[in-house]
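Novice: Just passing along the structure, written as structure tokens.
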Amino acid sequence: MTELAVNYDLLEASLCNTSGNVSLAERFRTLFTLKNIADERSIEIIGKALKDDSELLKHELAYCLGQIGNPKANSILSEVLEDLNEHEMVRHEAAEALGAIGSLESLPILEKYLNDKNESVVETCELAIDKIKYDHDPKNKAEKETNKSLYHSVDPAPPTTETRSVEELEAQLTNPKLKLFVRYRAMFALREIGNTEAVLALAKGLKDKSALFRHEVAYVFGQLQHPASVPALKECLADKDEVHMVRHEAAEALGSIATPEVLEVLESYRQDQEQVVRESCVVALDMYEYETSGELQYANGLENQAQNMHSLKLAH
């Protein structure tokens, strides 16, 4: 793919909704086109869109910058994290994206917010710091080379390699005394196992006291696309006392799973009182359409501008 084949102006107009008439679902498809192109111009365009009013879109933009993995995005993400007027969901995603990129230069900015007033931001910064240190520790080189995920995402923690026992991993997952990074490693190890037993173990994480942890479990369910997770996700979405960061992730996970019962559930929450939940259901319904359409990629009709996705999952 050459740069000449990409109409960046068209992509920017779509993602930034220059006309004011571009649907949210269409903008998400454009975002994933840019994520797959993954060059510096794409990063620049995604950065421009972070001025949008949609918290859902902005957190997805931050997620994609992290997945692209180019340190050129560090300054953009740091600015988002430092903006105390920005929504917690967006700031958390910016911190997580800094961890995904993994630059040592990001450690000071992440350490700066270890005492943030928002618990999810604090926990995300802790995770990102631990991940960056893990990535740069020579002792982990061999494990990193052999510990390849079945999924094509840069995760907040690598799957643990210490055990493949669902029972042991569940014990680690649900133990609040363990460091969050360790519990996340157990979570992603259960994802790699991916059978019904592992899904039911993961579902217990949706009762954790940490909203960040609960939303990560929902994210993992979206990656797994296992029907056994649908009851737990439906319960999560239906709980009006649950924080919207978690409910939105449950909605998007249901959209990825795309079983027949999911459509009615998502339709019923399109008018939810929380904007981010409403928007998540709209995007999830678009994902449902994609998952059941046989399309090769989740993009905006400009398929020739990016390579096909090997894996689709929205942000966490």
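Novice: Determine, for region 1-136, the count of lysine pairs separated by eight or more sequence positions (or lying on different chains) whose alpha-carbon distance falls under 21 Å.
Specialist: Pairs that pass both the separation and distance tests number 14.
Novice: Let me ask something additional. Solvent-accessible area per residue for the chain at a 1.4 Å probe radius, Å²?
Specialist: Solvent-accessible surface per residue comes out at 43 Å².
Novice: Just from its helices, what would the mean residue ellipticity at 222 nm be for the chain, if runs of 4 or more DSSP H residues each count -39500 (n - 2.57) and the sum is divided by every residue, rounded to the nearest 500 deg cm²/dmol?
Specialist: Taking each H run of at least 4 residues, the total per residue is -19000 deg cm²/dmol.
Novice: For the chain, with a Gaussian network of springs between Cα atoms less than 10 Å apart, report the residue from Leu84, Leu173, Leu98 with the top mean-square fluctuation.
Specialist: Leu84
Novice: When we measure straight from the Cα of Lys207, which lysines land under 18 angstrom away, once same-chain ones fewer than 8 places off are left out?
Specialist: Those lysines meeting the cut-off are Lys177, Lys179, Lys234, Lys240.
Novice: Could you order peptides 69-82, 214-227 by the average number of other Cβ atoms within 10 Å of their residues, highest first?
Specialist: Packing proxy ranking, top to bottom: 214-227, 69-82.
Novice: Continuing with this model, one more query. Which percent of the accessible heavy-atom area of the chain goes to carbon and sulfur, probe 1.4 angstrom?
Specialist: 47 percent
Novice: What percent do you get for the relative contact order of the chain when only Cα pairs under 8 Å and 6+ apart count?
Specialist: 17 percent
Novice: Also, I was wondering about something else. What size of dipole, in debye to the nearest 20, comes out for the chain about its Cα centre when the only charges are +1 on Lys and Arg C-beta atoms and -1 on Asp and Glu C-beta atoms?
Specialist: So the magnitude is around 660 debye.
Novice: Take every Cα pair under 8 Å in region 152-315 that's 6+ residues apart, average their separations, divide by the length, and report that relative contact order as a whole percent.
Specialist: Over region 152-315, the number comes to 16 percent.
Novice: Determine the dipole magnitude for region 1-136: charges of +1 sit on the beta-carbon of Lys and Arg, -1 on that of Asp and Glu, nothing else is charged, the reference point is the Cα centre, and the result goes in debye to the nearest 20.
Specialist: The calculation lands at about 300 debye.
The values are calculated or read from the model by the stated rules, or taken from the named source; none is laboratory data. Note that this is a predicted model, so its numbers are computed, not measured. Using ideal geometry, Cβ is built from the backbone for each residue, glycine included, and neighbour counts are taken over all protein chains shown. With ligands, DNA and RNA removed, areas are computed over all heavy atoms of the protein, side chains included. Shrake-Rupley method; radii C 1.70, N 1.55, O 1.52, S 1.80 Å.
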